[in-house]
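**Student:** I have a structure I would like to understand better, so I am pasting it below and will then ask my questions one at a time.
The values are calculated or read from the model by the stated rules, or taken from the named source; none is laboratory data. Because the structure is predicted, anything quoted here is derived from the model rather than measured. Cβ atoms come from the backbone with ideal geometry, glycine included; neighbour counts cover every protein chain shown. Heads up: the accessible areas ignore ligands, DNA and RNA and are worked out on the full protein's heavy atoms, side chains in. Shrake-Rupley method; radii C 1.70, N 1.55, O 1.52, S 1.80 Å.
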Amino acid sequence: MLYFVIFLILLLVSIILFLTINPVFGGNPSKQQQEKFEKLPNYQNGKFTNQVATEMNMGISGMFKMVKESIFPGDNDRSPTGDLPISKFDWEMVKSEEDSLTWFGHSTFLLSIDNKKILVDPMIGPRPSPVSFVGGSKRYSQDLLHIIEELPPIDAVFITHDHYDHLDYTSIMKLKDKVSHFFVPLGVSTHLIRWGVDKERITELNWWDETDFNGLTIALTPSKHFSGRGLLNRNSTLWGGWVILGENTRFYTSGDGGYDKHFKEIGEKYGPFDITLIEGGQYDELWDWAHMKPEESLQAHLDVNGKNMMLIHWAAFTLSYHSWTDPIERALKEAERLEVNIMAPQIGETVPLNRDLPLEPDYWWDF
């Protein structure tokens with residue numbers, strides 16, 4: 001019994017040391033930051049909160065359902081049978097002065113607007129997890145970290161929240177020296193600073209905060225989600241979506257989150273948008289408050305008064321129990337019903353934004 005107790009103590013100490021020392025987990029807001037957060041309406045009892053009360057616990061029955069779904073996947077093809085095809089990168093267009101959008105899968109994309117190069121949620125590493133044996137699946141396509149060397153200098157990186165499938169340690173470490181500035185929700189700077197990004201190059205925003213960046217109007221908007229990278233720091237940092245308004249392109253991306261009234265509020269304050277990127281993958285009834293089904297994504301696009309839409313948060317990792325093509329298939333069907341202009345470019349494809357949209361889907365996922 002004594003040896004067993006000693007083993008448990010050593011195991012616990014090892015886990016604590018791993019969580020503390022390993023930089024992939026990032027940092028935690030300081031006491032000074034927390035004291036500032038306490039004055040905010042969306043921060044209560046040491047945690048950020050959603051605009052509406054959100055029940056985040058799945059309960060015992062939900063946990064059993066997760067275990068069952070994990071062990072018995074059924075007929076769903078949760079991952080593709082081979083590496084996803086990647087379009088040949090058009091670096092000439094990316095580096096031009098034309099407004100454009102290049103998708104790297106999931107929620108990572110490069111936006112060129114007013115000749116500013118903006119990278120959003122740069123997760124281009126191999127796996128959305130702090131360790132290889134826990135978390136989501138390996139990336140569907142080939143490892144994309146090598147493209148960082150081919151990217152033009154990045155004027156700004158925008159982070160929607162600090163989950164591993166949106167804020168990747170390996171990606172940031174390779175990117176940070178070619179990025180001029182970082183825009184993040186409150187508290188997320190602690191991760192970047194631990195990873196060697198100078199705090200002078202980071203701007204933190206709360207929901208509805210606006211700022212100017214080299215002529216662009218930037219705003220962080222609410223979403224209904226949560227945050228956290230460790231066992232004990234859930235909701236210690238904020239989450240949200242981004243509005244980026246240029247001379248010719250009005251752009252919005254939702255970040256992660258469930259459907260709610262905040263989309264109409266965003267549309268009333270900042271719409272219309274020329275293009276919206278709305279999350280619509282990795283959903284399940286167990287966490288319908290945290291991720292939208294594709295039909296809800298289409299409604300969110302209409303609520304924010306978007307003209308053209310693209311579905312994101314799919315085609316890179318398996319983080320839920322639906323088939324990997326279910327998000328886009330359902331989104332296209334709902335878009336046809338609602339007469340919404342929706343595009344589905346291939347991973348790596350660069351879409352010009354100052355021309356007629358959307359591009360006709362070529363169903364590249366049926367490879």
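**Student:** Calculate the spin-label point distance for residue 49 paired with residue 79, positioning each point 7 Å from the Cα along the beta-carbon direction, and give it in nanometres.
**Tutor:** Rounded to a tenth, the inter-label distance reads 4.0 nm.
**Student:** To the nearest 0.05, how large is the calculated FRET efficiency for residue 90 and residue 248 if R₀ is 25 Å and r is the Cβ-Cβ distance?
**Tutor:** With a Förster radius of 25 Å, E is 0.80.
**Student:** Please work out how much length the chain gains when fully extended from residue 269 to residue 362, using 0.36 nm per residue of separation minus the C-alpha to C-alpha distance, in nm with one decimal.
**Tutor:** Extra length from residue 269 to residue 362 when fully extended: 30.0 nm.
**Student:** May I ask for the distance between the Cα centers of segment 235-261 and segment 296-354, given as a whole number of Å?
**Tutor:** After rounding, the separation between the Cα centres reads 15 Å.
**Student:** Moving on to the next point. Taking a cut-off of 18 Å between Cα atoms, list the lysines near residue 95, but don't count ones fewer than 8 places away on the same chain.
**Tutor:** Correct list for residue 95: 116, 117, 178.
**Student:** Let me check I've understood the local charge: for residue 316, count other residues with C-beta under 14 angstrom from its C-beta, Lys and Arg +1, Asp and Glu -1. What total comes out?
**Tutor:** -3
**Student:** Something else about it: 5 Å is the cut-off here: which amide hydrogens, built 1.01 Å from N in the peptide plane, fall below it relative to residue 241, excluding neighbours closer than 5 in sequence?
**Tutor:** Placed amide hydrogens put 221, 223 under 5 Å from residue 241.
**Student:** To continue, here is another question. Can you list which of the DSSP-assigned H helices in the chain have a Cα extent of 20 Å or more along the long axis and an average Kyte-Doolittle score of at least -0.5?
**Tutor:** 2-21
**Student:** Work through the residues other than residue 137 whose Cβ is under 13 Å from its Cβ and net out their charges, Lys, Arg +1 and Asp, Glu -1.
**Tutor:** The answer is +1.
**Student:** Starting from the Cα of residue 36, draw a straight line to each of the aspartates and glutamates and keep only those under 17 Å, dropping any in the same chain fewer than 8 residues away.
**Tutor:** 204, 209
**Student:** Let me ask another. Working out 0.36 nm times the residue gap between residue 57 and residue 36, then minus their Cα-Cα distance, what length gain in nm do you get to one decimal?
**Tutor:** Length difference between fully extended and current span is 4.8 nm.
**Student:** Sorting check: for 307-320, 159-172, which peptide has the highest mean count of neighbouring beta carbons within 10 Å, and how do the rest follow?
**Tutor:** Ranked from most to least packed, the peptides come out as 307-320, 159-172.
**Student:** Please report, in debye to the nearest 20, how large the charge dipole of the chain is about its Cα centre when each Lys and Arg carries +1 at its beta carbon and each Asp and Glu carries -1 there.
**Tutor:** Here the size comes out at about 1440 debye.
**Student:** For segment 216-367: lysine pairs with Cα atoms under 22 Å, gap of 8 or more or different chains, count?
**Tutor:** Going through segment 216-367 pair by pair, I get 13.
**Student:** With the full set of protein chains in place, find how many percent of the accessible area of the chain is carbon and sulfur; take the probe as 1.4 Å.
**Tutor:** 53
**Student:** For the chain, report the accessible area per residue in Å² (1.4 Å probe, heavy atoms, rounded to an integer).
**Tutor:** Ligands and nucleic acids excluded, the result is 46 Å² per residue.
**Student:** If you don't mind, there's one more thing I want to ask. 222 nm [θ] for the chain, helices only, -39500 (n - 2.57) per DSSP H run of 4+, per residue, to 500?
**Tutor:** -7000 deg cm²/dmol
**Student:** Among the lysines, select those whose C-alpha is under 24 Å from the C-alpha of residue 31, and discard any that sit fewer than 8 residues away in the same chain.
**Tutor:** Of all the lysines, those that pass the test against residue 31 - Cα under 24 Å, at least 8 places apart if same chain - are 39, 47, 199.
**Student:** Please list, in chain and number order, the residues 5+ apart from residue 217 or on another chain whose amide H is under 5 Å from its amide H, with Hs placed from the backbone.
**Tutor:** For residue 217, whose amide H was placed from the backbone, the distant partners under 5 Å are 245.
**Student:** Okay, next question. Which FRET efficiency value, to the nearest 0.05, do you get for residue 354 and residue 231 by plugging their Cβ-Cβ distance into 1/(1 + (r/R0)^6) with R0 = 51 Å?
**Tutor:** Approximately 0.65, to the nearest 0.05.
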